[in-house]
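The values are calculated or read from the model by the stated rules, or taken from the named source; none is laboratory data. These numbers come from a predicted model, not from an experiment. Neighbour counts run over all protein chains shown; Cβ positions are idealised from the backbone, glycine included. When the accessible area is computed, the model is the full protein with side chains, heavy atoms only, and any ligands, DNA or RNA have been set aside. Shrake-Rupley method; radii C 1.70, N 1.55, O 1.52, S 1.80 Å.
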Amino acid sequence: MHLLIEKGLMFGNLIRVDSPVLVERYNRALKHLSGRETGLDVFHIDVSGYSPEIGDEFGDDLYLNHAGVNRQFILLTTEQATAPLLNAKFSTARGILKQFIAENRAQLFALTTRDAVAGELVNSVYVADTPARLFDLRKVRIEADTTSGTVATAAKLGGMIDRFKTEPDAWFDDVLIAEMIGMAKETGDVMRNPVQLRQTEFVQENFWTDHFGGMYLFRGVPHPAAIVAGSKDEIGDLPIAYTFDLEDRSAIAKFLELNDLVEPIVEARGLDAAAILQQKMDFIVASVAARMGEDVLGATRRDLRRLGRHYAKDLPQEWQGLAALLRWAEEDGPWPKITSEHPAYFYTLRAKAHADADLVNRLLAELTPLDFRQLFICHKELFYRTYAGWPPEKQAYVVDFLDREYQVDKAGTRAALFGHEAAMEEPRAVAQPDLITRVGPWGAVAPRRG
């Protein structure tokens, strides 16, 4: 994995902790949460305060995530909102933490100038010992405070202030007044600067979990279902109407269609569909050539065309299907009939613009593993596991491509691949005018008229 780390594609954007003051605050919070302390004086942390160096020191990558269910966190700075979440067990965790920080940025900024904020993403499930237990996860509540209890103290002080204002004899209660003065020294003026954290409960209807080999739970859709990465027979009965595994391609395609979750790439407005199709084909050619021992590092489009011709007989059905769709889009070729059972089918889709677009794109990435770019963007956990099994030639090519083509403009790449026009903005027509009318509802293109 050293190539990924060297290029910032793994453990990238972590927050460096090297100040003795911050290390001391971190240790105070860590002891508060787990009873442990680190002996390191320099380390890096993610959005939750997890450090891979401390995980290695403890021999425990889940030292802030016991049993992988109730994630604990340590905030030293609001800048952690820009960091990734490592060892994610639920797809919603990073979004919840980022939203919590955003909703409370001013309060957290003030609190972290003096102390670390420690907390937990709490739900009613403490151990996910069976797949069915995951369905008990409905809401996540955030409990957070400084290690000295500033938020709790401020809430108590606020109650005392209310008593002081409303009780007729409070002016003569020397004990109450003394307690208020003592607390105010810890919290500051809570009337002018309230120490209160907002947005502490989050609904969790649709999510991915790493438990039991990987599982997607879609409960907040018209037609609910669970999709498992392993065998549905091994998962057993679940408290949901339908359970599919990744081999149930037609069923998953129907599920996505019935819930209006996806759209064909060639149908998306403002998108250069032909370029994206060609890029996916290039990734497949590079994979095949690397498997044959070719050095594809820095390969150009011309190089990949040459390699594609040389290994034409070895190119999989995924490439053949995308090539047929590209011929239709670019060269007015015949309409390619790509059904849900065709290996190329899910390569032709992306999530529609809805609240669960990231979750759907994660699922599509798992269904299209030859598209390493989408796998890296949408499902890093699976990308890292898959990367470890690739030949060195492919590893070098992938790292070089992601470093040159993706790292330089992450936002632009994501917008080009998955973005949608803003609701209040007129879409800019980039595709050919007759392209949309000839596209079928799920990537099967309607025959041309006349």
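Cβ separations smaller than 7 Å between residues 6+ apart or across chains give no pair from segment 361-380 residues that are on the phi > 0 side of the Ramachandran plot and among the polar types (S, T, N, Q) to residues that are part of a loop (DSSP other than H, G, I, E, B) and buried (at least 24 other Cβ atoms within 10 Å of the Cβ).
Keeping to segment 39-63, report how many residues are part of a loop (DSSP other than H, G, I, E, B) and surrounded by 18 or more Cβ atoms within 10 Å (Cβ to Cβ). Before the answer, list the steps.
Of all residues in segment 39-63, those part of a loop (DSSP other than H, G, I, E, B) come to 39-42, 46-51, 59-63.
From the residues that got through so far, the ones that are surrounded by 18 or more Cβ atoms within 10 Å (Cβ to Cβ) too are 46-51, 63.
Residues flagged as part of a loop (DSSP other than H, G, I, E, B) and surrounded by 18 or more Cβ atoms within 10 Å (Cβ to Cβ) within segment 39-63 amount to 7.
Mind checking whether some residue in segment 261-283 is farther than 23 Å from residue 387 by Cα, assigned to a helix (DSSP H, G or I), among the β-branched types (Val, Ile, Thr) and at pLDDT below 95? Yes.
Go through segment 219-235 and give me each residue that's assigned to a loop (DSSP other than H, G, I, E, B) and over 21 Å from residue 205 (Cα atoms).
230, 231
In the set 143, 79, only one residue is in contact with an Asp or Glu (Cβ under 6 Å, 6 or more places away or on another chain), among the acidic types (Asp, Glu), farther than 21 Å from residue 206 by Cβ and open to solvent by 20 Å² or more (accessible area, probe 1.4 Å); that residue is 143. For segment 348-371, filtering for residues that are modelled with pLDDT of 95 or more, assigned to a helix (DSSP H, G or I), open to solvent by less than 20 Å² (accessible area, probe 1.4 Å) and not hydrophobic (A, V, I, L, M, F, W, C) leaves 1. Under the condition of being surrounded by fewer than 21 Cβ atoms within 10 Å (Cβ to Cβ) and touching a residue at least 60 places away in the same chain (Cβ under 8 Å), the residues counted in segment 240-260 number 8.
Selection over segment 388-414 of residues that are within 18 Å of residue 280 (Cβ to Cβ) and either of a type in the set (Val, Ile, Thr) or crowded, with 20+ Cβ neighbours inside 10 Å (or both) gives a count of 6. Checking each residue in segment 100-127 for being in a helix (DSSP H, G or I) and buried (at least 18 other Cβ atoms within 10 Å of the Cβ) picks out 100, 101, 107, 108, 111, 112.
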